[in-house]
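Participant: Have a look at this one before I ask anything.
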Amino acid sequence: MPENAMSSFLFKLLKGHKGKESTETQRTIYANARCGNKHENFKHAHNKIRTSKYTIISYLPINLYEQFTRLANAYFAILIILQCIPVISSLEPITTIIPLVIVLGITAVKDGLDDLNRHRSDRSVNNRIVEVLDPTNMTEENLLTKEKWMNIRTGDIIKIKQDESVTADVLLLSTSDPHHLAYIETAELDGETNLKVRNAIQATGNLMDPETDPDGLSCYKLAAFDGKILCEPPNNRLDHFVGTLSWRNDSGRQEKRFPLSNDNILLRGTTMRNVDWAFGVVIFAGPDTKLMQNAGKTYFKRTSVDNFLNRLVVYIGGGLIMLAVVSMVGHIIFEMYHGDHFQAFLPWEFIDECERKTNMTQDPCEKGIPELISGSLIFWSYIIVLNTLVPISLYVSVEIIRLGQSYFINWDRQMYSPLKDQCAEARKTTLNEELGQVQYIFSDKTGTLTQNIMQFKMCSISGLVYGNQSEPCDFDTFNPRWYDHEFTFNDNRLLAALSQKHQKEKEFFTLLALNHTVMPEYKDDGNIVYQAQSPDEGALVKAARCFGFVFRSRSPDTITIYDATQDQNIIFELLQILDFDNVRKRMSVIVRKIEPDGTKGKIMLYCKGADMTVMERLRETTDEDLDVIEQTKVHLDEFSAEGLRTLCLAYREIDEEWFDKWNQKFTDAACSIDNREEKLCASYEEIEQQMILLGATAVEDKLQEDVPATIANLGRAGIKLWVLTGDKLETAINIGYSCNLLTDDMLDVFIVDGESSLEVKRELLRNFETLCQKCHPDNDYGLVITGHALGHALEPDVEHDLLKVALKCKAVICCRVTPLQKAKVVQLVKRTQAAVTLAIGDGANDVSMIKEAHIGVGISGEEGTQAVLASDYSIAQFKYLERLLLVHGRWSYFRMCRFLDYFFYKNFAFTLIHFWFAFLCGFSAANVYDQWMITIYNVFFTSFPPLCLGLLDKDVNDKMCILNPSLYRLGQAQKLFNLRIFLYSVLRAVITSLILFFVPMCIFMEATGNEKWGMTDNDSDGMTFGRQAFAFLVATCLVVIVNLQVALDTAYWTLINHFFIWGSILLYFALHFFMYSNGVYALFPWMFPFVGVGRFVIDKPVFWLTLLLTIIIYVIPVLAFRLYKSITKPTDAEKIREQRYKQKRRKQKKPISYISRRGGSQRPGTQRPGSSYAFSHQRGFADLIMSGRMTSKRRRSRSTINHLARAGLSLPSSPKQTTVTFQEPQESDANHIRGERLVE
Amino acid sequence: MSDGVRNRNNTGGSGSKSSIRSKKPDNSAFNQQRLLAWQPVLTAKSVLPFTFTTHPPTLADITDVSADEKSCKTIYDELIDTFSSGTAPNGNPPTCICKQNFEIEETMNTPIFAYYRLTNYYQNHRRYVKSRDDTQLLAEKSYICTEADGDCSPYDKIGERPIAPCGAIANSLFNDTFFIRRCGDAGVQCTALQPDNIIDPTDANGFNAAFPTFRKLYRKIQDNGADLQPGNYELLTYYNYPVHRFGGGKFFVLATTSWIGGKNLFLGWTYAIVGGICLIVMLFLLCISRRNHNRD
């Protein structure tokens, strides 16, 4: 794209960018080198970011440049130049200058205001303050200086405090945590709300001593830190970092090298939590940070209508040249056969030289030369005369309409969420009509479709369902101290059962209180907040707490719970955690109760997991067992039929001796080097047997309001929804069912989870065969694909197969996808399908796809503002998407198309008259109209009514739009404005212009003025009508007809429409009679040559009769044709309107078939997806808990200790200081630890 | 809600009040796109009366009036070859006089308008139209002598002296002169028309014709006693204006007017035809509309 290259060059030039090319292959950073001579650092970018486009100086040139790169504007600029050349100037330059200046001015002001906002936000970010160790500027007392963000450079050592956002990408050196850990929240970066842990390497961590220096002030050692960091060049990979630190530390004189990984890096855009302070050395700053590298280039989004318009403008340009060529040929012929002989009255301009040379001798000057010269000039003259074929005010009108439509979106009360006090916002104002053409929606799940709130809804305990009653539990009397006020459960029987100390029920909640990896955090008021890595787990532990089994604290080898039914704390010895993994889909703990007197109880294994895996391992010896299993299965079906996420719970008593043996084996397995995984699994299998089923839990993943109904309605509108989620497969499927995306009507739901590209391809092809065999429009299919498989499916040779299958499926769910994959999926569809895509999400992980899609919609939610900032539209909840698309989108599209259709029509009708006139004026590029008419026709006489059309018109009202989603399909099929419609409107314009020209011509050719009634002054009596009267007549007919046309197009007549349509016609007359008056002529004689025309024609019935005749000849056929069409082939909207019309007439209100607005289809239990052990966490947590690293000592938790002491807790003994390194699971970056820890 | 509205109306109110206000958008009909509106539905019933009412009166009246006027047109250029073959330089005395007989069939009442009519004469040529100087035409005498607009070229100056009025328009002023004489039945006795009741119309300067065929008012015969009776007349022309070379034709036209102006057959007939077509279309649409209605 040379244009892009050019503009980027210009940008650089004007912005004063350093011409640094990003050919950096490796980056070297010298820490603390502000004053040093290590110039390496100075080559790197500063921490100043800039998203604005213009500066004060560059605003005008860049903006004008941008505007003139628009084809239409450039075209008019060239025209002005042409018009300034006297020989070909068939129109005064002013006729183009005035409209162009107006058009450019409006756009420039708008762009300027936009950029001003960007400047403001940039400035506020750049001016944030951070503390930095500046060796050049430190004092004895205060080593740290405050510095603005934008002044930070690579190599600087900065101090980040708790809850501050990280200034730049830094290498963690030291933190207030004794183990040099730091916790970060990456919501802004990747949308994950869970905390992640980062650690400093031991060597640098020791540079600070949090024990003696709790506020992190005495950082002398850090100030002397002079390490050299070698690392990868700036890139956009959020979960990857490779580097080494070379440093001569205190202990050795020798330079040592330490490997650095992503675990040691804090990225810009994250927020630090749970540690008081951390020091780090900046490695990437400003534009080099991964956040900014990931931000990617903001592409200027163009709508399909935009692209089509550009194409049309080119076509019109071609047509213009053709007309000019025809005129040129005509002119040459005319001058040869007529003009030559007419020279007595009108000599040729270019004859002089020729005549002079030949000097009238017998050798005449070469025949044809003057004609050809004149002809080639006439070509340009006609380009000028016919220039209005390309509508100058098109783009600015389109922009105004879009702006107005955006305001209507912002103002819509029905998209206002009282809960969040937020209304919808059109952040980009250039895409509205595309909202009416969406065919694919790519949606995030968490926060978009679901609220990410889990609620313990129901449970089945040894064959009894609880939670299906209506009256809420009275926790206040049952468990006043610990119950969570937000928790509700609708069944008092369960409380009764617990009060009566039913064994199974107690066992059930004990299990929930013990079997998890949740961390408790004590608030200052003594309340516990659970830090769960997945909301499901949190919901279960919270439920147990409310039912009187309060998880109080954990240590590496104990768990303390408080039993409200007995009003005492119970301590369990934690013997082993059999951690969760994707294959096992279950998790167990082995515990032993420690009675208050110190005796130890039985060893128990508590297991919870997906029903399939748990059911396989149950004891089925007694009738009771079988009974419970049978009952529970029925209940599980019921639960999942309601879209609840289910888990089965089971327990087992273990013989002590047997356990010791097993434990030995287990320890061996855990320590073995080869096949550790398999050996562990085998030992897990061994112990998780013969379990007794306790029951099942049902957790509701709360959907956002009205999600199923919205999805159903969007589906009826022909929009395909693809859900792209970071969730696990089962969770995703479950949600798919609960929000109506997957239904039981579907013949099949394909699951693609291959591990290699070959496998994926095979799976896809197999599915495609299935699809083809039972190919029938009524057969719906669903496709679920995992992130890993998706990675392969997106490879160039597989993507084709993916599309084949995916496009035939009604619903597609991609789970465990990365942000980049989200964008790639969108890109794939966008690239291969000529369809409009919309991406909707709420987190920063959706940013890439929001930017990639034609339309990005951000949900303004709790998860940071990144998505909203990157989006084109923001709405408060998913359900408003329905109204945004079906109502605003459809209206916008409808209006824009009607407007464009009309706009081309009016300009063609206006301009083609010149062409017809050419045949009668010797193709001399004479124009029909007064030049003022040409100047302001587009600006005043015909601009406001179509703007009203584009802003206010509607064919059906909003209720009908939502009730009849099929109305939306005309936008997807581009039915309202396409090449056919355009050609049709050109044809109409041709006919109009023929009528407008030839009817007045035939009448005026021989017409003479009439006698004046009762007036003695009859100057004009008997006068013929000249060129100017004809011009005025044609112009009048044109303006009236063109405004009547807009009146015919208007379906929704508000007072505003009336005002502007009739006002435009009145304005035309008023302005013309004013311009043609003597007074104005006397002031500016050279500007208003049409003096007296108005006065001349005003009392001529021929004039008015011709006007009337022309209107009738035009309007009656149009009306008749439309009537004919609406009778024979009514559009959907017309049918609906007619129905309503009839209903109103009959005065009887037929109930309109309302679509059920209730969500959650009740599907029969035939094909449920199976229960899902829906924890989104990974394995590896058990290790952490058992190793004690997570429960290590913390200075800050003194208050917690006090609390516990007051509660009379005997705290378990201190765990041995661990040397186990923090191992991150291979799969991902997900060490989601909410890390408040218990104390010794 | 009422609070919100009150705050909004209270334009001079304190800023703090408005900052607490919720972001809930205004409930005005315009903002919510609920403006009262008329939504016409295109049905046979609503359209047909409209087409119907426009026609009968216009049909009858306009056709009538526009055909009623009398005119008499004669081409006089045909005789040029017999009298003269050269072109005459402008401003010189007439080089030839041509004579042409014509007949008036009905009495023409005053005011009668005499026109000259030219065909194939491109007065609407861009360069022709442009070839004049408005400033000069409006200006004081002193100005005229000093300057002429470039557009007037080549009729802007002779040598160094500017031409006023300059330009092709002024240069090609129609300068044939007409006389009509009434002749007896035998065509021998001819009487000249009275010159004192013939008015020379003011020539509005910029009024070029719109088309290559045009007529322009030459004289008005206004006196009441000057009605032209049916009979033979003779047209005498001082022939100055050459049109033959470019294939032009010159006509002399006598015509009267009514309230609608001169005779205009096109206007009348078009109204008649359009009216007729509308009637047919209307009936056709009524038929299919009925049929569709019955089918429903």
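Participant: Can you give the charge dipole size of the range A:487-544 about its Cα centre, rounded to the nearest 20 debye, using +1 on the beta carbon of Lys and Arg and -1 on the beta carbon of Asp and Glu?
Facilitator: 300
Participant: Quick one: what are the phi-derived ³J(HN,Hα) couplings along the range A:315-320, Karplus 6.51/-1.76/1.60 with θ = phi - 60°, whole Hz, x for glycine and proline?
Facilitator: For the range A:315-320, the Karplus-derived couplings read 4, 4, x, x, x, 4 Hz, x marking Gly and Pro.
Participant: Sticking with this structure for a sec: Using mean Cβ contacts within 10 Å as the protection proxy, how do A:301-312, A:780-791 order, highest first?
Facilitator: So the peptides A:301-312, A:780-791, ranked by packing, come out A:780-791, A:301-312.
Participant: Also, quick follow-up: Taking square-rooted eigenvalues a ≥ b ≥ c of the alpha carbon gyration tensor, is the range A:569-632 rounded, prolate or oblate, where a/c under 1.5 means rounded and, failing that, a/b exceeding b/c means prolate?
Facilitator: Oblate.
Participant: What whole number of Å gives the distance from the Cα centroid of the range A:528-591 to the Cα centroid of the range B:212-279?
Facilitator: 109
Participant: Here's a follow-up. Given the pairs A:LYS53/A:LYS159; A:LYS53/A:LYS148; A:LYS159/A:LYS445; A:LYS702/A:LYS830; A:LYS146/B:LYS23; A:LYS445/A:LYS804, which are separated by over 28 angstrom at their Cα positions?
Facilitator: Pairs exceeding the cut-off: A:LYS53/A:LYS159; A:LYS159/A:LYS445; A:LYS702/A:LYS830; A:LYS146/B:LYS23.
Participant: For the range A:721-827, which GluC sites (Glu not before Pro) pass both filters: DSSP loop (anything but H, G, I, E, B) and at most 16 other C-beta atoms within 10 Å?
Facilitator: Working: sites: A:GLU730, A:GLU755, A:GLU759, A:GLU763, A:GLU769, A:GLU799; in loops: A:GLU755.
Those that pass, being in a loop and sparsely packed, are A:GLU755.
Participant: Would you calculate the separation in nanometres between label points at A:GLU595 and A:ARG980, each defined as 7 Å from the Cα along the Cα-to-beta-carbon direction?
Facilitator: 8.8
Participant: Follow-up. Partner chain Cβ atoms within 10 Å, averaged over the residues of B:264-271 - can you pull that number for me?
Facilitator: What the average comes to for B:264-271 is 6.
Participant: In sequence order, what are the phi-derived ³J(HN,Hα) couplings for the range A:881-898 according to the Karplus relation 6.51 cos²θ - 1.76 cosθ + 1.60 with θ = phi - 60°, rounded to whole Hz, with x for glycine and proline?
Facilitator: In residue order, the calculated couplings are 4, 4, 6, 4, 7, 5, 9, 5, x, 5, 4, 4, 5, 4, 5, 4, 5, 4 Hz.
Participant: Then there's this: On average, how many beta carbons from a partner chain sit within 10 Å of the beta carbon of a residue in A:1113-1126?
Facilitator: Mean inter-chain Cβ contacts per residue within 10 Å come to 5.
Participant: Can you list the GluC sites (Glu not before Pro) in the range A:407-469 that are in a DSSP coil and have 10 or fewer other beta carbons within 10 angstrom? Don't skip to the end; give the middle numbers.
Facilitator: Working: sites: A:GLU425, A:GLU433, A:GLU434; in loops: none.
When the GluC sites (Glu not before Pro) of the range A:407-469 are filtered for loop state and at most 10 Cβ neighbours within 10 Å, nothing remains.
Participant: Run the numbers for A:LEU987 and A:LEU116: contour at 0.36 nm per residue of separation, minus the present Cα-Cα distance, in nm.
Facilitator: Residue separation times 0.36 nm, minus the Cα-Cα distance, leaves 309.1 nm.
Participant: Could I ask something else about it? Step through the residues of the range A:568-574 one at a time and calculate ³J(HN,Hα) from phi using the Karplus curve (6.51 cos²θ - 1.76 cosθ + 1.60, θ = phi - 60°), rounding each to whole Hz and writing x for Gly and Pro.
Facilitator: 8, 7, 10, 9, 10, 7, 8
Participant: Can you give the mean number of other chain Cβ atoms that lie within 10 Å of the Cβ atoms in peptide A:51-64?
Facilitator: 0
Participant: Continuing with the same structure: With respect to the cross-link table entries A:LYS301/A:LYS810; A:LYS110/A:LYS301; B:LYS216/B:LYS263; A:LYS822/A:LYS975; A:LYS290/A:LYS822; A:LYS290/A:LYS428, which display a Cα-Cα separation exceeding 20 Å?
Facilitator: Pairs exceeding the cut-off: A:LYS301/A:LYS810; A:LYS822/A:LYS975; A:LYS290/A:LYS428.
Participant: Show me A:379-385, A:340-346 ranked by packing, highest mean number of other Cβ atoms within 10 Å first.
Facilitator: Ranked by mean Cβ neighbours within 10 Å, highest first: A:379-385, A:340-346.
Participant: For the range A:199-267, run through the trypsin sites (Lys or Arg not before Pro) and keep only the ones in DSSP coil with at most 14 other Cβ atoms within 10 Å of their Cβ.
Facilitator: On the way: sites: A:LYS221, A:LYS228, A:ARG237, A:ARG248, A:ARG253, A:LYS256, A:ARG257; in loops: A:ARG237, A:ARG248, A:ARG253.
In loop regions of the range A:199-267 (DSSP not H, G, I, E or B), the sparsely surrounded trypsin sites (Lys or Arg not before Pro) are A:ARG237, A:ARG248, A:ARG253.
Participant: Still on this structure, I have one more. If each of A:ASN236 and A:ILE102 carries a label point 7 Å out from its Cα toward its Cβ, how far apart are those two points in nm?
Facilitator: For A:ASN236 paired with A:ILE102, the spin-label model returns 4.2 nm.
Participant: Go through A:671-679, A:883-891 and give me the packing order, highest mean Cβ count within 10 Å leading. Numbers along the way, then the final one.
Facilitator: Numbers: A:671-679: 10.8, A:883-891: 27.0.
Packing proxy ranking, top to bottom: A:883-891, A:671-679.
Participant: Right, here's the next one. Lysine pairs in the range A:450-577 8 or more apart or on different chains: how many have alpha carbons under 21 angstrom apart?
Facilitator: 7
Any read-out appearing in this document is the output of simple, stated calculations on the displayed coordinates, not a laboratory observation. Note that this is a predicted model, so its numbers are computed, not measured. Every residue, glycine as well, gets a Cβ built from its backbone with ideal geometry; the counts of neighbours run over all protein chains shown.
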